[in-house]
Amino acid sequence: MGHVNDPEVIKRLLTTPARWAVVGLSNNPRRVALGVSRYMLDQRGMDIIPVNLKGEDVHGRQGYRKLADIPGGIDVVNCFVNSQKVGPVVDQAIEAGAKAVWLQLGVIDEAAAERAKAAGLDVVMDTCPMIEAPALGL
């Protein structure tokens with residue numbers, strides 16, 4: 001049996017002010033991460049921390065190359081990387097002490113989800129905040 005998303009976890013993550021490290025967030029307008037992170041910032045009131053290969057700033061927020069470079073705590077790691085590359089990102093989220101990982105729509109890694117759950121993290125997989133929030137009436 002694979003991972004099943006818990007609507008209560010999703011609702012809590014989307015309604016509790018938190019620091020969201022967004023892995024794969026750059027200023028590329030063709031990438032969905034740009035719009036989703038803007039929504040999380042403006043509509044959900046989250047603190048967005050861009051994480052990308054260049055460490056570039058996005059939405060006027062300081063960017064970092066990897067999760068370990070981010071000072072202070074991370075609440076949620078939102079993963080905009082393909083399924084083949086997400087395992088190491090989840091492992092870095094566990095190492096960084098994140099409280100949750102959110103694997104975006106189409107990003108699926110059952111083994112990584114199990115590792116995160118075993119480490120005590122909340123896990124949301126294969127969906128998007130911009131889909132879940134309206135579905136939950138948020």
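Applying a threshold of 9 Å to beta carbon distances and a minimum spacing of six or more residues, or different chains, the list of pairs starting in segment 3-28 at a residue that is over 21 Å from A112 (Cα atoms) and ending at one that is of a type in the set (K, R) reads L14/R44; T15/R44; P17/R44; A18/K99; S26/K54. Just one of the listed residues (A96, A133) is open to solvent by 10 Å² or more (accessible area, probe 1.4 Å) and either out of contact with any Pro (no Cβ under 8 Å at 6 or more places or on another chain) or of a type in the set (G, A, S) (or both), and it is A96. Contact map, segment 110-122: residues that are within 17 Å of N78 (Cβ to Cβ) paired with residues that are exposed (fewer than 14 other Cβ atoms within 10 Å of the Cβ) and modelled with pLDDT of 95 or more, Cβ distance under 9 Å, separation 6+ or inter-chain. Pairs shown: A112/P88; D122/D6; D122/R12. Step by step: first the residues of segment 62-72, then only those that are more than 14 Å from the chain's Cα centre (by Cα) and not aliphatic (A, V, I, L, M), then the one that is most open to solvent (accessible area, probe 1.4 Å). Which residue is that? Only one residue fits best here, namely R65. Annotation note: Cβ proximity below 7 Å between a residue of segment 61-73 that is part of a loop (DSSP other than H, G, I, E, B) and a residue that is surrounded by 13 or more Cβ atoms within 10 Å (Cβ to Cβ) and of a type in the set (F, W, Y) (sequence gap 6+ or interchain) occurs for I70/Y64.
Residues that are hydrophobic (A, V, I, L, M, F, W, C) and open to solvent by 40 Å² or more (accessible area, probe 1.4 Å) within segment 1-33 comprise M1, V4, V32, listed in sequence order. Taken together, the residues in segment 36-52 that are free of Cβ contacts under 8 Å to residues at least 60 places away in the same chain and closer than 13 Å to N78 by Cβ amount to 10.
The values are calculated or read from the model by the stated rules, or taken from the named source; none is laboratory data. Since the structure is predicted, the reported quantities are computational estimates derived from the model, not experimental observations. When we count neighbours, we look across all protein chains shown, and the Cβ atoms used for this are built from the backbone with ideal geometry, even at glycine. Side chains included, ligands, DNA and RNA excluded: accessible areas come from the protein's heavy atoms. Shrake-Rupley method; radii C 1.70, N 1.55, O 1.52, S 1.80 Å.
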